[in-house]
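This report concerns only the one structure given below.
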Amino acid sequence: MEIRKNPFTEEYTLVAPHRLRRPWQPQDFCPFCPGGPETGHGWDVLIIPNKYPLLVENPPEPISHELFPTFPARGSTLVVVETPQHDVDDISDLPRDHVAKVLAAVVEAQRKTESDPHAVYFLFFRNKGKEIGVSLTHPHSQIYVLPVVPPRVELEMRNSEKWYKTHGQCLHCRVVSEEGRVVYQNASWRAFVPFYARWPHEVHLYPRRHVSRLTELAPEEVSELADALKKTLCALKKATEKPMPYILVLHQAPLRQSLPYYHLHFEIYGMYRPDGKLKHAAGAELGASLYTLETTPEEAAERLRKAATTCGG
């Protein structure tokens, strides 16, 4: 396991060929169900080490090379098993209080991670749907404790700092206050389709209060995050003719940093077009970072907003 860096784009590749051995959508067993060797019994939410990790405590020594250096893949890869129930389609189908338990467990995991001087970034994400390559269907999300800041977050931080130095305000706070493509909101959170959306049903979820890291959230904000997340994911599920595959990623400041110019937020990429067909990233997207939409952010927001009104609490 090692990390390689592209000198042109400053993007990282996590090299882990052993992950070819991980089970792929097994039909005869589930490693995340209660009673297994990794899970045991008597839990509501469980965070366990990934059996096929991308990062480890003691990685191989890095290679020093002017063009092709490697970096130690030091860190940890964790699985958040969100419920003992195997047949739940999505986390949005769980009660709000249980979703809050999941989020509280993730917050606590990050709090523990912040004491590790080698840990630089806490990446929390969730993949939903076989269409995008989910290997195990039991409801779960993942945590990568990284020795580097993800390049996309680094770019957001850099441009946010530029705006802050010029305008004296957080760019994210300004966007949240002015964005009109709202899908759902409560006292603490606002979910909206961004003006600059790249995916057919992309939603960004922001706390109204300026917060840089997950561990800065107050308990009531975690509870209201559970409500906003449940409603937003339910809206995605109901927006098209069939349940939507999606990717959810938390963007936040690096560990132990509170930044006046960078605002914690979740980005959710709903992968179906309005006609229920899967949106593929192809030549323009992967080769040039030019994303194309077969809808408009305004249409997507209206579609999702209507769907959210049919979702329970």
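The values are calculated or read from the model by the stated rules, or taken from the named source; none is laboratory data. Computed from a prediction, not measured in an experiment: that's the story for all the values here. Please note: Cβ atoms are built from the backbone with ideal geometry, for glycine as well, and neighbour counts cover all protein chains shown.
Here is how the numbers come out for the structure above:
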| item | result |
| --- | --- |
| Residue in region 179-193 that is part of a strand (DSSP E or B), over 30 Å from residue 44 (Cβ atoms) and aliphatic (A, V, I, L, M) present | yes |
| Hits in region 1-23 - residues which are among the charged types (D, E, K, R) and farther than 17 Å from residue 155 by Cα | 2, 4, 19, 21, 22 |
| Residue ID - farthest from residue 9 (Cα to Cα), chosen from residues in region 49-91 that are hydroxyl-bearing (Ser, Thr, Tyr) and surrounded by 17 or more Cβ atoms within 10 Å (Cβ to Cβ) | 83 |
| Selection count where residues are of a type in the set (D, E, K, R), over 14 Å from the mean Cα position of the chain (by Cα) and either closer than 29 Å to residue 243 by Cβ or outside any loop (DSSP other than H, G, I, E, B) (or both), scope region 106-128 | 3 |
| Set 9, 83: member being of a type in the set (Val, Ile, Thr), in contact with a helix residue (DSSP H, G or I) (Cβ under 9 Å, 6 or more places away or on another chain) and farther than 30 Å from residue 232 by Cβ | 9 |
| Count of region 100-130 residues which are under 25 Å from residue 228 (Cα atoms) and either at pLDDT 95 or above or in contact with a Leu (Cβ under 7 Å, 6 or more places away or on another chain) (or both) | 20 |
| All positions within region 49-73 that are touching a strand residue (DSSP E or B) at 6+ places or on another chain (Cβ under 8 Å) and small (Gly, Ala, Ser) | 73 |
| Some residue of region 129-139 being in a strand (DSSP E or B) and of a type in the set (Ser, Thr, Tyr) | no |
| Among the residues listed as 227, 275, the single one being among the acidic types (Asp, Glu) and either closer than 20 Å to residue 158 by Cβ or surrounded by 15 or more Cβ atoms within 10 Å (Cβ to Cβ) (or both) | 227 |
| Segments classed as helices (runs of 4 or more DSSP H), wholly inside region 199-313, with at least 2 members that are within 16 Å of residue 103 (Cα to Cα) | 219-239 |
| Meets criteria (touching a strand residue (DSSP E or B) at 6+ places or on another chain (Cβ under 7 Å) and either under 30 Å from residue 234 (Cβ atoms) or not acidic (Asp, Glu) (or both)) for residue 117 | no |
| Boolean, residue 97 is in a helix (DSSP H, G or I) and either at pLDDT 95 or above or more than 30 Å from residue 2 (Cα to Cα) (or both) | yes |
| Single unsatisfied condition, residue 43 versus (1) modelled with pLDDT of 95 or more; (2) not in a loop (DSSP other than H, G, I, E, B) | (2) |
| Residues within region 25-39 that are surrounded by 11 or more Cβ atoms within 10 Å (Cβ to Cβ) and not charged (D, E, K, R), tallied | 8 |
| Count of residues meeting criterion [farther than 23 Å from residue 270 by Cβ and either buried (at least 17 other Cβ atoms within 10 Å of the Cβ) or of a type in the set (Lys, Arg) (or both)] in region 106-138 | 10 |
| Qualifying positions in region 142-200 - over 20 Å from residue 212 (Cα atoms), among the basic types (Lys, Arg) and exposed (fewer than 15 other Cβ atoms within 10 Å of the Cβ) | none |
| Complete set of residues in region 234-252 that are buried (at least 24 other Cβ atoms within 10 Å of the Cβ) and more than 16 Å from residue 274 (Cα to Cα) | 252 |
